[in-house]
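The block underneath contains the structure these notes are about, expressed in structure tokens.
No value in this document is a laboratory result; all are computed from the given coordinates. Everything numeric in this text was worked out from a predicted model, so none of it was measured. Cβ: placed from backbone, ideal geometry, glycine included. Neighbour counts: every protein chain shown.
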Amino acid sequence: MGQTTILIDIGSTFTKAVAVDVAAAAVVATARAPTTAGSDVRIGLRQALAALEPRVGRIEQADTLASSSAAGGLRMISIGLVPELSAEAARRAALGAGAKIVGHFSHELSHAETASIAALRPDIVLLAGGTDGGNSRTILHNARRLATATVRAPVVVAGNKSAQDEALAILASAGWDCHVVDNVMPRIGVLQVEACRAAIREIFIANIVHAKGLDGARSLVSEIVMPTPVAVLEAARLLAEGDGGTPGMGELLVVDVGGATTDVYSVARGLPSDPSVTLHGLPEPWAKRTVEGDLGVRHNVETLLDLCARFGVDADRSHAAKLVAMPHRLPGDDAEARFDGQLAAVAVRESVDRHVGRIETLHGPQGESRLQVGKDLSSLGTVIGTGGPIIHGRDPRSILRGACADRSGLPKPVDPALYLDADYLMFALGLLARREPRVASTLLRAHLRPI
């Protein structure tokens with residue numbers, strides 16, 4: 001066996017491990033075990049690694065990289081000036097960095113909103129607002145409000161550069177751990193989120209690993225390098241764009257159904273497919289991720305059952321209590337497997353409905369006009385499903401069909417080819433992509449299964 005790299009994901013429900021022989025561009029073995037975040041994450045991690053040893057040998061001699069979304073991932077509060085502009089830019093920066101937005105605020109914070117921020121227990125606060133040289137009052141007001149809050153978390157200041165020094169001084173004097181980066185919206189309609197995303201990822205490595213109790217895992221892995229959603233986004237981009245030598249698959253959509261969240265990734269321009277429709281609002285990123293924290297198939301069963309009723313799906317509620325009591329539980333019979341598939345199917349449908357754009361018809365003095373806000377994904381040729389509930393489902397195709405166009409009229413893919421990340425490798429090869437893009441690209445394409 002050549003150089004072996006162990007790629008690990010410490011998820012909210014399961015810990016997964018993948019062994020890759022980099023020299024041979026081959027997957028050697030995969031394993032998983034229930035995540036033990038409630039006690040000591042090292043227990044579940046050791047179980048997953050032990051399952052690899054018969055094929056890999058001594059794990060201590062291998063290079064190991066890890067991602068994590070344990071305990072639901074990064075809990076982020078974003079604060080901006082107006083919802084349609086800098087607040088939306090802040091939201092996109094947060095989601096692209098692997099965070100789950102648990103609260104969003106705009107305009108000047110009230111005392112009640114400041115108290116609610118503390119109640120939301122954020123891991124990170126993103127403070128934006130104002131274009132460069134524009135409104136300074138709001139971001140400074142909000143910095144003063146945060147200074148009085150009873151919670152403390154790392155804060156990324158990504159607003160009007162004319163106010164950044166003063167905002168930093170206000171927050172730092174109150175004991176906040178501050179990180180100042182480029183404004184997420186330096187000019188109206190211009191997004192500049194990469195510096196903000198990089199800061200969020202650095203905070204994850206430096207602070208959140210400890211806060212989530214994951215620092216104990218450092219004795220078993222070489223490095224925890226990124227949140228799991230960032231790893232999956234890296235894999236999606238590599239599949240779409242190629243590795244510089246091998247062409248990519250082109251524009252695509254990935255749906256990742258998990259126990260705590262359902263994430264959707266689109267690597268696509270998303271421009272209007274109808275020439276009579278005009279693009280409106282902020283530009284969409286080429287690689288976009290949305291996270292739905294209320295659509296996890298273990299932690300949000302009641303929400304999904306309500307969606308089953310709305311979509312006309314006849315789900316047997318008697319199985320729900322078992323999943324709530326034991327989040328790592330796998331289906332024990334055909335009835336439970338069918339129930340799991342129903343939950344996953346509505347999670348896919350609802351999450352993609354939220355991810356895609358909207359076509360709005362306006363009536364004015366000049367007549368009727370049609371505006372597109374968000375991405376039009378109707379012409380996408382590829383949809384990929386990943387995450388345990390899809391991969392291990394009895395009928396993954398029917399689950400993934402929820403990502404396709406339906407009677408809702410939303411611009412979802414009309415007739416895409418459907419693929420399954422059958423060996424649960426997207427997170428792993430996204431981790432590997434930064435070091436070995438060609439190996440990661442080769443393995444991603446080889447392990448996608450048409451369904």
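Brief remarks on what is shown
- Looking at the stretch 262-403, the DSSP beta bridges with both ends there are about 75 percent antiparallel.
- Sequence ranges 196-204, 99-107, ranked by mean other-Cβ count within 10 angstrom, highest first: 196-204, 99-107
- Each peptide in 8-18, 307-317, 368-378 was scored by the mean count of other Cβ atoms within 10 Å over its residues; highest first, the order is 8-18, 368-378, 307-317.
- Lysine pair count for the chain [Cα-Cα under 25 Å; pairs on different chains or 8 or more apart]: 11
- For the stretch 1-70, DSSP calls about 70 percent of its internal beta bridges antiparallel.
- Beta bridges per DSSP with both ends in the chain, % antiparallel, nearest 5: 50
- Computing Rg and Dmax of the Cα atoms in Å directly from the structure and comparing it against (i) 22.0, 74; (ii) 33.9, 111; (iii) 20.7, 68 singles out (i).
- A simple spin-label model places pseudo-atoms 7 Å from Cα toward Cβ; at R358 and A115 they are separated by 3.2 nm.
- 13 Å beta-carbon shell around D340, net charge (K/R +1, D/E -1): 0
- Relative contact order, whole percent, for the chain stands at 14, derived from Cα pairs under 8 Å and 6 or more residues apart.
- Shape of the stretch 73-153, Cα gyration tensor, a/c cut at 1.5: oblate
- Judged by the ratio a/c of the largest to the smallest principal axis of the C-alpha gyration tensor, the stretch 357-415 counts as prolate, that ratio being 1.5 or greater while a/b is larger than b/c.
- Taking 0.36 nm per residue of sequence separation and removing the Cα-Cα distance, the A169/A325 pair yields an extension gain of 51.5 nm.
- A417-S318 FRET efficiency (beta carbon distance; Förster radius 41 Å; 0.05 resolution): 0.65
- The chain, helix-only ellipticity at 222 nm - DSSP H runs n ≥ 4, -39,500 (n - 2.57), divided by all residues, nearest 500: -10000 deg cm²/dmol
- When you count the other C-beta atoms within 10 angstrom of each residue and take the mean per peptide, 169-181, 82-94 line up highest first as 82-94, 169-181.
- Considering only A23, C196, A172, and ranking their Cα positions along the charge dipole of the chain that arises from unit charges at the beta-carbon of Lys, Arg, Asp and Glu, the one farthest toward the positive end is A172.
- Student exercise, the chain dipole from Lys, Arg, Asp, Glu Cβ charges, in Debye to nearest 20: 320
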